[in-house]
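The values are calculated or read from the model by the stated rules, or taken from the named source; none is laboratory data. Predicted model only: the values in this text are computed from it and were never measured. FYI the Cβ positions are ideal-geometry reconstructions off the backbone, even for glycines, and counts take in every protein chain you see.
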Amino acid sequence: MSFSAEEIAALAVHLSPERLAALNNLTGSTDLAVELHQETLRLGASLMCVTATIEIALRNTVCDNLARHFGSPAWLVAPPAPFTWRDTEEKSVSRALDSARRAEYSKLSQADKAALDAAAFPRGRPANLSHLGRAKARRQQMHVTTGKVVAELTLHFWKRLFGPEYEHSLWRPTLKATFPNKRISRASVATHLENVYQSRNRLAHHEPVLHKRFDDTLEAVEFIIENLNASSRSAETPLAKLLATEIAGVKAKSKELHDRLAAFRLPATP
């Protein structure tokens, strides 16, 4: 598709000169900068499909593991003693619980919401209580399933469970079973999850994942899908087989884009 000079100028404003600056400097052309910008977004969208699947698989695998380990349906919100969440995770769970309650509260009828008043205000509703205060007190009386809370937690929460703070309380007694290969260390899992997490956040904010960052991300992706719930590393795990087509497509798009970018860096031949 071709654009007029006026259209290219408008697109440069839409996408922002700052965002296009590196590609402009590389190619010397706003037209090419816009074109390569879109290719970068398409690569990111393909990679996002892969990281999203990994996030879902990791989350569910860890949940199953911890539910068995703690033996309590309330393991996430109220894990059995002596285990306690670190402050960061406790706050994450609290926010997720509130978000889950908000989502369920929004589905209630006015009659349903009013019915919560009896539990929220057993001695009668305080005078001058704000509408927001009343809604908050009502929500605190609501029961939501662990699954609803889990859905509100981000990859940041799950990757932190493989950090050094949980080496003795989670990794050694139970989470090692999610990566049962005896040659794999907690630190190695944490490093790869961090790489996926950082790139996933960039993709979510429409930032590029290219060059070494892309290579590190793909290495981390393959590490996770070939080792999750596998006693030895294999490209034939169910998760690896599920994502094989997507990963092949991502690699092909990456090579094409990186080759184009590299061509602009090559010195012109006489």
message: So, V77, is that one in contact (Cβ under 8 Å) with a residue 24 or more places away in the chain, in a helix (DSSP H, G or I), within 25 Å of I54 (Cα to Cα) and in contact with a Leu (Cβ under 8 Å, 6 or more places away or on another chain) or not?
response: no
statement: Going through region 146-155 in order, the residues found to be crowded, with 16+ Cβ neighbours inside 10 Å, of a type outside the set (K, R) and not in a loop (DSSP other than H, G, I, E, B) are T146, V149, V150, E152, L155
task: Test each condition in (1) surrounded by 19 or more Cβ atoms within 10 Å (Cβ to Cβ); (2) touching a residue at least 60 places away in the same chain (Cβ under 8 Å); (3) within 24 Å of K91 (Cβ to Cβ); (4) touching a helix residue (DSSP H, G or I) at 6+ places or on another chain (Cβ under 6 Å) for L170 and report the one that comes out false.
output: (4)
- request: Read through the list (1) at pLDDT 95 or above; (2) within 27 Å of N201 (Cα to Cα), then give the number of the only condition that T84 fails.
  value: (2)
- prompt: Failed condition for V50, given (1) part of a helix (DSSP H, G or I); (2) under 24 Å from S169 (Cβ atoms), with all others met?
  reply: (2)
field: W158 at pLDDT 95 or above, surrounded by 15 or more Cβ atoms within 10 Å (Cβ to Cβ) and assigned to a helix (DSSP H, G or I)
entry: yes
message: Just to verify a result, which residue in region 32-58, among those that are over 20 Å from G249 (Cα atoms) and of a type in the set (V, I, T), is surrounded by the fewest Cβ atoms within 10 Å (Cβ to Cβ)?
response: I56
task: Tell me which residues, restricted to region 15-31, are closer than 22 Å to V209 by Cβ and exposed (fewer than 11 other Cβ atoms within 10 Å of the Cβ).
output: S16, E18, N25
task: Would you be able to tell me the number of residues in region 184-205 that are free of Cβ contacts under 8 Å to residues at least 40 places away in the same chain, in contact with an Asp or Glu (Cβ under 8 Å, 6 or more places away or on another chain) and farther than 12 Å from L161 by Cα?
output: 2
Flag if S106 is over 18 Å from the mean Cα position of the chain (by Cα) and modelled with pLDDT of 95 or more: no
- line: Out of (1) assigned to a helix (DSSP H, G or I); (2) under 14 Å from H143 (Cα atoms), the one R95 does not meet is (2)
